[in-house]
Amino acid sequence: MNTDTAEPIEAGLDPSQLMFKRKWADTLRVTFRAVVKVKGGLWGGIFISVMLICAIGAQWISPSDPNAQDIMHRFAGPSLDNFFGTDYLGRDIFSRIIYGCRIAVLVAFSTVSISSIVGVFLGVVSGYNEGSKLDYFVIWLFDIVRSFPQIILALAIVAVLGPSLVNVVVALAFTAFPFYGRIARAQTLSVKEADYVKAAEAMGLQPIKIILRHITPNIMAPVIVCLGMDMATMIVWESGLSFLGLGVRPPTASWGIMLRNGYKYIQTSEWMIIWPALAIALAMIAFSLFSEGLRVALDPKERER
Amino acid sequence: MATKLIEIRNLKTHFYQGKGLLSKWFGKGLRTVHAVDGVSLSITKGRTFGLVGESGCGKSTLGNTIFRLVEPQEGEVLFEGRDVVKMDHKELRKFRQQAQIIFQDQFGCMNPRMTVGQIIAEPLLMRQSVQLRQEELGQKVVELLRAVNLDPDAIVKFPNEFSGGQARRIGVARAIALQPKFIMADEPTSGLDISTAATILNLMQDLQDRMDITYLWVSHNLNQVKYMSDDMAVMYLGKVVEMGETKDVFSQMAHPYTKALISSVPRVNADGRTSTIFLEGEIPSPINPPSGCYFRTRCPHVFQRCKEEEPPLVDLGGGHFCACHLQSN
Amino acid sequence: MSEPLLEVNNLTLDYNLGDRRMRALDRINFTLEKGEVLGVAGESGCGKSTLGLAILRLLPRVAEIKRGAVFFNGTDLLKLTEEQMERQIRGQKISMIFQNPQNALNPVFTIETQMTDILRVQDKYQNSGNPKRKQNFRQEAIERLKMTGIADPEARISNYPFEFSGGMKQRVMIGMALSSGTSLLLADEATTALDVTIEAQINKLIKELASEYGTSILYVTHNLGVLAEMADRIMIMYAGRIFEMGKTEVVFGTPRHPYSAALLESLPSRHVRGNRLLAIPGFVPPLDRLPSGCSFHPRCAFAEEVCRHEVPQLVEVETGHWSACLLDQKRGRKKWPRS
């Protein structure tokens, strides 16, 4: 209970020689084990890894060029040559799904990174200065952006800037940052009342250091759960925008564009739409499961002693 | 010649409840919490000053105000002659390295995401004049852990891996890191078992003897205050009702509240103690306290003057003060 | 020689937590007479709270009663069905009050709603064949509030819990727990969360009402001072076992078990400024890894070889005074040495 350590200190090593942090390798190992312990965290992690592999190594994994047209064999059903069949231009759907992973992963990670960094930064700073003019301004900003329905706002931005991958990322990040901001601010309001923050203030620590060292790490738990869920959501949004023609531009293979191409032929060549839809659904589930596992794993209080 | 390390003069800290527009329009008098309402006392260097009182008496707020974690409306807090309330950033930082707090919540006062080593090292890293190298820092932390009888391999553990008593000791190690002159201990044994509490009390006394620390001991446990403190003050609804050397306060019990408080404390040895005085009614709220003497609504000896006039703190001789009209008669 | 109200025989209870098994209670034996106040003292992990919950069978499923019996007025409570416990025992013949009165009341209902709900249910159980339809539950609730000293009960009964102070909420709980039909009251740290002057009032109230109704009390707390004032007899527990039991003045005045003696020497009230308190070395053992023999031996200043091997039984060292120490007869009354 009291004297058992998680990682034994090597005998003879003077503790004062140690870094005060636990070694990174140990932390990662413990985290990984904890995530995997959570039900579903393992499967989520596996699927996301598969997606990452597809995204990074698409050139090597995919059996054919996603843009190679073969009009002779269009609308072909699933076969040994084309695992998922071909689309209306004879392109191999399986390859397009794999390349679609790349778009999905890119969109998910970049939009979420941008919106979370901006949102959390604004949220923490305004929360710590609760009641000040800065706080009121930031809340006002959040409310303005949030009052637009997300899809309308994203559509409007892409319509103005023109459909492209970059603009999709910008639009989606912009609609999402207040979400993170609100969470970060709400968490900051409660965390800043904690005794350890008071202790830091009583020690004479400057506010910026208090924010970085004490407040930000302790508000991240709900943010991280959000991150995971948000990545899933962003994949769906991108698909939606591309489906409407306001996303990535063809002939880029994104799952959304594949939906757009395929829905016209749903009665005859249903495989054109089933596979991208399944990919989107599975990606969503995977990210949700994994993010829940990650949250549990990162909470030091829930660590196995 | 005993020096006064801390001198508090007529300190008032009020909180305004309600941030909305209505309270701004209708004036702040409506819902003001008179947390600290005109407190004056002095703490002598090298001694322990006990501060007792029940819920709503303002002892926590008084502590927070001394450290300027909350700004007072009126009054002075003199630390070695300089007023903390008026200090600028630089001076305040220096003060905060000489005065430390041991918090009531032994786990809550530590960042759950920092290791114990980082927690204890944090104040050391803040001292501007000395640049410590990694090994020296490590050695200092180990020294501090040993000073509170903790195993040095705690350095890489997280706070939640420890028991209540051990967590309390980590807090003490952090507090003594910069060899402060003054430590406020806020309910230092709350939530601890009898034997664990005894360990902490012994430890705090040893540290005081070795490092010549002045303690402000805030507690509702009167047995503990009688044992630990040299001087003490009893607070009620933001005011000091009785103050003086602990032995005088306990033997004379000049104020009716002190008498009731001390007689209510359950003790194993009932040797020579007066029978329990049971107060009627509940502790009033610090919002809109009663007129005149705040204690009059529960006092068994209340008379007319108590309702009209607030009793001043009167010197009964030998540094023993009491705020009660009965004493002036 | 009348039968005791409560007789606990050999009660042994484990908590099964996956791979760990914690022995929370180990061969607990004691009796409680009608109208008596028995104090149960001990530090964390000693099992005192578990004991109260075990009597009322309010423990979670992971708690397994391995053996023993709890005789209440001759009936073994452990053999009753859940339904019988609910209808006849809980809240009626045996009641319990807990440490945090703020958590015991539902914040979104008025005091009146909560009290009358309970009264209605109790009435249904007591008069199952013959329910009182015209019973004025509100009036009875007001009566109970009056008995517990709450001023102006007719008005205050319509308040919400947040409008009551901690002491008043505890009075409400006492009002619900204690009635003329209550034979046994279990109090688990009932006043620990309250201010000192309020604590004195509440304990006085509990004692007065109990003596008026003839209720026995099992008062569980770690605060020895409270027990010195409230309890007729006292029981000191450690890691699931009873170490000492007897009349309060006797146990506190002449403790026979080294642990009891050490506990008393750790109290600040027994020392003057400047003297060091006795601090028992070591820490309370986790319940799944109890030491062999006497569970206190690793920390005991008097431990000898035999203490490591033999588990001490509760032995009557003088009339009505029991102690579980192997060396008691030989040791006599040695004072605990200072470190």
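Residue-level analysis places residue C:74 outside the set of residues that are under 23 Å from residue C:182 (Cα atoms), surrounded by 15 or more Cβ atoms within 10 Å (Cβ to Cβ) and not acidic (Asp, Glu). Strands (runs of 3 or more DSSP E) fully within region B:22-116 that include at least 1 residues being at pLDDT below 90 and in contact with a strand residue (DSSP E or B) (Cβ under 7 Å, 6 or more places away or on another chain): B:32-44.
Among all residues of region B:61-72, there is none that is among the acidic types (Asp, Glu), surrounded by fewer than 16 Cβ atoms within 10 Å (Cβ to Cβ) and either away from every other protein chain (no Cβ under 14 Å) or over 11 Å from residue B:13 (Cα atoms) (or both). Residue-level analysis places residue B:285 among those that are surrounded by fewer than 22 Cβ atoms within 10 Å (Cβ to Cβ) and within 12 Å of chain C (Cβ to nearest Cβ).
Condition test on residue B:237, is it on the phi > 0 side of the Ramachandran plot and in contact (Cβ under 8 Å) with a residue 24 or more places away in the chain? In short, yes. If we keep just the residues of region A:208-223 that are away from chain B (no Cβ under 11 Å) and either outside any helix (DSSP H, G or I) or surrounded by fewer than 18 Cβ atoms within 10 Å (Cβ to Cβ) (or both), which is modelled with the lowest pLDDT? By that ranking, first place goes to A:222. Look through region B:172-188, keep the residues that are of a type outside the set (A, V, I, L, M) and over 17 Å from the mean Cα position of the chain (by Cα), and return whichever of them is farthest from residue B:4 (Cα to Cα). Only one residue tops the list, namely B:174.
Within region C:21-49, the set of residues being in contact with a Pro (Cβ under 9 Å, 6 or more places away or on another chain), part of a strand (DSSP E or B) and surrounded by fewer than 18 Cβ atoms within 10 Å (Cβ to Cβ) comprises C:31 only.
Evaluating residue B:121 against the criteria (1) facing chain A (nearest Cβ under 7 Å); (2) more than 14 Å from residue A:201 (Cβ to Cβ); (3) in a loop (DSSP other than H, G, I, E, B) leaves one unmet condition, (3).
Scanning region A:100-138 for residues that are over 30 Å from residue A:55 (Cβ atoms), of a type in the set (S, T, N, Q) and surrounded by fewer than 18 Cβ atoms within 10 Å (Cβ to Cβ) yields A:129, A:132.
Residue C:52 - would you say it is part of a loop (DSSP other than H, G, I, E, B) and within 20 Å of residue C:233 (Cα to Cα)? Taking the combined requirement at face value, the residue does not satisfy it. Considering every residue within region A:239-260, establish whether at least one is in contact (Cβ under 8 Å) with a residue 60 or more places away in the chain, closer than 30 Å to residue B:156 by Cα, out of contact with any Pro (no Cβ under 9 Å at 6 or more places or on another chain) and in a helix (DSSP H, G or I). No, because not a single residue in region A:239-260 is in contact (Cβ under 8 Å) with a residue 60 or more places away in the chain, closer than 30 Å to residue B:156 by Cα, out of contact with any Pro (no Cβ under 9 Å at 6 or more places or on another chain) and in a helix (DSSP H, G or I). Summed over region B:167-181, the residues that are of a type outside the set (A, V, I, L, M), within 12 Å of chain A (Cβ to nearest Cβ) and surrounded by 22 or more Cβ atoms within 10 Å (Cβ to Cβ) give a count of 3.
On inspection, residue C:124 fails the criterion of being of a type in the set (Lys, Arg) and farther than 24 Å from residue C:82 by Cβ. Of the residues making up region A:71-95, those that are under 31 Å from the mean Cα position of the chain (by Cα) and outside any loop (DSSP other than H, G, I, E, B) are A:86, A:92, A:93, A:94, A:95.
Here residue B:152 meets each of (1) over 24 Å from residue A:218 (Cα atoms); (2) out of contact with any Lys or Arg (no Cβ under 8 Å at 6 or more places or on another chain); (3) facing another protein chain (nearest Cβ under 8 Å); (4) of a type outside the set (A, V, I, L, M) with one exception, condition (2). Screening residue B:269 against (1) farther than 23 Å from residue B:103 by Cβ; (2) of a type outside the set (Val, Ile, Thr); (3) within 11 Å of chain C (Cβ to nearest Cβ); (4) assigned to a helix (DSSP H, G or I) leaves a single unmet condition, (4).
As a summary of the residue check, residue B:283 satisfies the conditions (1) within 25 Å of residue B:42 (Cβ to Cβ); (2) touching a residue at least 60 places away in the same chain (Cβ under 8 Å) except for the one numbered (1). Of all residues in region B:210-245, those satisfying the criterion of being over 26 Å from residue C:193 (Cβ atoms) and either at the interface with chain C (Cβ under 10 Å from one of its Cβ atoms) or among the small types (Gly, Ala, Ser) (or both) are B:230, B:244. Selection within region B:252-266: residues that are outside any helix (DSSP H, G or I), in contact (Cβ under 8 Å) with a residue 24 or more places away in the chain and more than 8 Å from chain C (Cβ to nearest Cβ). The member of this set that is surrounded by the most Cβ atoms within 10 Å (Cβ to Cβ) is B:255.
Could we say that residue B:291 is within 14 Å of another protein chain (Cβ to nearest Cβ), in a loop (DSSP other than H, G, I, E, B), out of contact with any Pro (no Cβ under 8 Å at 6 or more places or on another chain) and within 15 Å of residue B:37 (Cβ to Cβ) here? Answer is no for this residue. Counting the residues of region C:171-191 that are out of contact with any strand residue (DSSP E or B) (no Cβ under 7 Å at 6 or more places or on another chain) and part of a helix (DSSP H, G or I) gives 4. In this structure, residue C:148 does not qualify as surrounded by fewer than 17 Cβ atoms within 10 Å (Cβ to Cβ), within 14 Å of chain B (Cβ to nearest Cβ) and under 25 Å from residue C:229 (Cα atoms). The helices (runs of 4 or more DSSP H) found wholly in region C:192-305 and carrying at least 2 residues that are within 7 Å of another protein chain (Cβ to nearest Cβ), within 15 Å of residue B:193 (Cβ to Cβ) and at pLDDT 90 or above occupy C:224-230, C:258-265.
Looking only at residues in region B:95-131 that are of a type in the set (Lys, Arg) and more than 23 Å from residue B:41 (Cα to Cα), which one is nearest to the chain's Cα centre (by Cα)? Of everything passing the filter in region B:95-131, B:127 is nearest to the chain's Cα centre (by Cα).
The values are calculated or read from the model by the stated rules, or taken from the named source; none is laboratory data. Since the model is a prediction, treat every value here as computed from it, not as a measurement. Methodologically, a virtual Cβ is constructed for each residue, glycine included, from the backbone with ideal geometry; neighbour enumeration extends over all protein chains shown.
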